[in-house]
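The block underneath contains the structure these notes are about, expressed in structure tokens.
The values are calculated or read from the model by the stated rules, or taken from the named source; none is laboratory data. In this text, all values refer to a predicted model and were calculated from it rather than measured experimentally. Reconstructed Cβ throughout: ideal geometry from the backbone, glycine too, with neighbour counts over all protein chains shown.
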């Protein structure tokens, strides 16, 4: 075998690596990216007339975040059915669906699954018709009523603030319509 010194082409190819460590292993670009998925949920802004005005129902997660009750649809379930079921499970209250408030969207990541999710959540205005807050599921630490102004300060995410504000606007418009004198 010919020594390295006698093969100048081989020595030249090794020269760049002599003074530094070996090159890092490069992963294909597809490994660095997260898969993008869409997620769909439905929930509600549950309200009641309290002694100090309109109150809305908020749920507290184990992480200490306050928000609106919501969840994902079961197979074959409509979004309005999902909203009612999730509110019933998470709060313990039976509710009556009134009208759709709107839809929010946001992004979040699940690094362990290498996923980025684009989530769409549809919200309805709801009124309680029965049940008990003591019957809520273990997904949440507590369920409480808040005056609208206090709820806006209490919720963790801006998207929840947006839905509560829309619900308050709808309820205020209803009250104005009910209070206005009939036209002759």
Fill in: Count of residues meeting criterion [without any contact (Cβ under 8 Å) to a residue 60 or more places away in the chain, within 17 Å of residue 122 (Cα to Cα) and outside any loop (DSSP other than H, G, I, E, B)] in region 32-88
12
Fill in: Only one of 147, 176 that is more than 18 Å from residue 70 (Cβ to Cβ) and surrounded by 14 or more Cβ atoms within 10 Å (Cβ to Cβ)
147
Response to the item:
Selection over region 77-93 where residues are at pLDDT 95 or above and surrounded by fewer than 17 Cβ atoms within 10 Å (Cβ to Cβ) yields a count of 5
Worksheet item: Would you call residue 39 over 16 Å from residue 143 (Cα atoms), surrounded by 12 or more Cβ atoms within 10 Å (Cβ to Cβ) and modelled with pLDDT under 95?
Response: yes
Worksheet item: Given the conditions (1) farther than 21 Å from residue 106 by Cα; (2) over 17 Å from the mean Cα position of the chain (by Cα); (3) in contact (Cβ under 8 Å) with a residue 12 or more places away in the chain, and given that residue 167 satisfies all but one, which numbered condition is not satisfied?
Response: (1)
Worksheet, complete the sentence: Note on region 91-124: residues farther than 20 Å from residue 60 by Cβ and outside any strand (DSSP E or B) are 111, 112, 113, 114
